[in-house]
Amino acid sequence: MRRRLAAGNWKMNGTAAALTELKALAGAFPSASVDVLICPPATLLHRAAEVAGDTGITVGGQDCHAATSGAHTGDISADMLADAGASAVILGHSERRTDHAEQNEDVRAKARAAMDAGLTTIICVGESLEQREAANTLDIIGGQMSGSIPDQSTGENLIVAYEPIWAIGTGKVPTLDEIGEVHDFIRSRLERRFGEGVGRSVRLLYGGSVKPSNAADIFGVSNVDGALVGGASLKAQDFSGIIDALERV
């Protein structure tokens, strides 16, 4: 049985004052029936881990370097994330692929390093609006999966997040059938590559303008095990609504 997961990506948002939202979320965390993960900016990671404590909420990073150490000014290694209290890391987000020209092989190298450091890797895949309109979505997703996911992946160290680029932060959401088609495709590709045991154990998240008002419908779609949430994870009230919807599935 795959445990459902609500993961919040704060992106480049939040100073120390934002930890009050994490405290509020921890106070409202209703039960242990779903997993909750918050990925704050690196400057808040250690403090966020202390706030989360033993509440059942875990924290993660938003990126890591493929090397364990070295002359890489401004970068953070997977071991450093783990040392700061992270249990997971987001890799291959479309904003990293676009803003930093990250390629599939870059994501794969980072994922190897993260897994070696004991971190759960959330590998993001997704198509642009142009690719969607050209009916290339599944080809794009398949290529990203093949190039980005390491061979040592298991149901414990890998999570795949489908984030259609054109839906991130825009308020636009694919139809439920479109979400289901991609998630079913991802599941079948995982089973083909890793076997049914591993393939069926990897959790699949949907990301792209998820909010309390549409979460329940999205969570009812085949092979959607939770969500990777952006803006709506910044406020405890909004994120709690998404968690509640996930608990009711």
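The values are calculated or read from the model by the stated rules, or taken from the named source; none is laboratory data. Small disclaimer: the values here were computed from a predicted structure and weren't measured. Ideal geometry is used to build each Cβ from the backbone, glycine not excepted, and the neighbour counts take in all protein chains shown.
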- Message: Residues to consider are 192, 200; find the one that is assigned to a helix (DSSP H, G or I) and under 18 Å from the mean Cα position of the chain (by Cα).
- Response: 200
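Residues 56, 92, 61, 74: which one is of a type outside the set (Phe, Trp, Tyr) and without any contact (Cβ under 8 Å) to a residue 12 or more places away in the chain?
None of the others qualify; the one that does is 74.
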- Within segment 1-105, which strands (runs of 3 or more DSSP E) (wholly inside it) include 3 or more residues that are under 29 Å from residue 140 (Cα atoms)? 5-9, 35-39, 88-91
- Query: Is at least one residue of segment 166-178 in a helix (DSSP H, G or I) and touching a residue at least 60 places away in the same chain (Cβ under 8 Å)?
  - Reply: no
- Task: Would you be able to say whether some residue in segment 18-39 is under 19 Å from the mean Cα position of the chain (by Cα), of a type in the set (A, V, I, L, M, F, W, C) and over 22 Å from residue 244 (Cβ atoms)?
- Result: no
- Considering segment 170-186 alone, what residues qualify as being surrounded by 12 or more Cβ atoms within 10 Å (Cβ to Cβ) and either under 30 Å from residue 78 (Cα atoms) or at pLDDT 95 or above (or both)? 176, 178, 179, 180, 181, 182, 183, 184, 185, 186
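Might you let me know whether segment 123-138 holds any residue that is in contact (Cβ under 8 Å) with a residue 24 or more places away in the chain, within 17 Å of residue 89 (Cα to Cα) and surrounded by fewer than 16 Cβ atoms within 10 Å (Cβ to Cβ)? Steps first, please.
Let us first name the residues in segment 123-138 that are in contact (Cβ under 8 Å) with a residue 24 or more places away in the chain, namely 123-129, 132, 137-138.
Now narrow it down to the ones that are within 17 Å of residue 89 (Cα to Cα): 123-125.
Then keep just the ones that are surrounded by fewer than 16 Cβ atoms within 10 Å (Cβ to Cβ); that gives none.
The answer is no, given that none of the residues of segment 123-138 is in contact (Cβ under 8 Å) with a residue 24 or more places away in the chain, within 17 Å of residue 89 (Cα to Cα) and surrounded by fewer than 16 Cβ atoms within 10 Å (Cβ to Cβ).
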- Check segment 22-31 and report whether any residue there is touching a Lys or Arg at 6+ places or on another chain (Cβ under 8 Å), surrounded by 13 or more Cβ atoms within 10 Å (Cβ to Cβ) and either more than 17 Å from residue 124 (Cβ to Cβ) or modelled with pLDDT of 95 or more (or both). no
- Message: Can you pull out every residue in segment 54-94 that is crowded, with 17+ Cβ neighbours inside 10 Å, closer than 20 Å to residue 6 by Cα and acidic (Asp, Glu)?
- Response: 63
